[in-house]
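Asker: This is the structure I want to talk about, given as structure tokens.
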Amino acid sequence: MQTLDDMQHRHLLTPEQHAEIGAWVARGKTPEAIMAMPPHLWRALALASVLMNVDAELTQPPMLGP
């Protein structure tokens, strides 16, 4: 939920989108249930994720050493 909060704080999600996505995720008891989120919410979440570069750390090599 912190990521959703960050997205709303940066004005990448509206308060309504934040509430709808948060409620959907909270109700989803399985990954499949969450994946059934309505397309308009997925689009908003995907765009906010790209704008925040959420996947960036997944493309970075692991830090080695202290």
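Any read-out appearing in this document is the output of simple, stated calculations on the displayed coordinates, not a laboratory observation. Treat the numbers as computed from the prediction; the structure is a model and nothing was measured. A quick note on method: Cβ atoms are made from the backbone with ideal geometry, for glycine too, and the neighbour counts reach across all protein chains shown.
Asker: Let me know the volume per residue of the alpha-carbon convex hull for segment 2-55, in Å³.
Answerer: 76 Å³
Asker: Another question, then. Find the relative contact order for segment 1-50 and round it to a whole percent, using C-alpha pairs within less than 8 Å whose residues are 6+ positions apart.
Answerer: 40 percent
Asker: What is the distance, in nm, between label points placed 7 Å from the Cα along the Cα-to-Cβ direction at Val50 and at Asp6?
Answerer: Once both label points are built, they end up 1.9 nm from each other.
Asker: Another one. Highest mean first, what order results for 48-55, 15-22 on Cβ atoms within 10 Å?
Answerer: 15-22, 48-55
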